[in-house]
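A short reminder: the numbers here are calculations on the coordinates, not readings from a lab. As the structure is a computational prediction, the values presented were derived from the model and not from experiment. Neighbour counts run over all protein chains shown; Cβ positions are idealised from the backbone, glycine included.
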Amino acid sequence: MNKSFLRTAFLKKRKELSENEIEEKNEAILTNFTFFFKSSTAKTIHIFLPQIGKNEIDTWRIISFLSHFDQIKIIVPRIIPGTKEMEHYLLTPETILINNQWHIPEPDAETSLKVLPIEIDAVLIPLLAFDKKGFRVGYGGGYYDRFLIQCNPDVIKIGLSFFEAEEEITDLDAFDVAMNYCVTPFGIVQF
């Protein structure tokens, strides 16, 4: 299936989830992530913040879990206004968050500590759908594909999905970056 079809289908599937289903899926993803984390050596972890009102995965639960480990640095993105690029900042209890035009919380660039992509060990990646080869369909802006090629080649790329893998995304291009893992409510998929 192509990206456009999958994007439309999975936006609809996510929108149709009940509050109870979302709660159960978020808890299962957190449980599976904590299991995955036990074997990880990543110390600087990049995490997207969920878009308000869009039934995205509640990454605040993962952030809360990771905040109990003193050695872990949590990094969150900010879209550079007027571009298709992101910059990245350390998230601390003092970080001021401001909702952007898409109602995504972002760190205040004036008061937050900037982190370079090359310093990041693992990236939790938002997606709508993914396939059995580790490729994903996002919202179509290409922000994460551009960001991931700026990271260390060994960065661990971890998708988070409410749903299981589709067989294949048929219209991949040279800019698509495959994930290493995807954490779902059903388990951890390795590619």
Revision key, fill the gap. Taking 128-139, 110-121 and ranking on average Cβ neighbours within 10 Å, highest first, one gets 128-139, 110-121
Review point. If you bin every alpha carbon distance in region 46-178 into 10 Å steps from zero, what whole percent lands in each bin?
Key: 11, 43, 37, 8, 0
Check your understanding: Helix-derived [θ] at 222 nm for the chain: sum -39500 (n - 2.57) over DSSP H runs of at least 4, divide by residue count, nearest 500?
Key -> -7500 deg cm²/dmol
Check your understanding: Counting other C-beta atoms within 10 Å, which of LEU160, LEU124 has the fewest, and how do the rest follow?
Key -> LEU124, LEU160
Point to revise | Among ILE158, ILE96, ILE75, residue whose mean-square fluctuation peaks in a GNM of the chain (springs only between Cα atoms under 10 Å) | key: ILE96
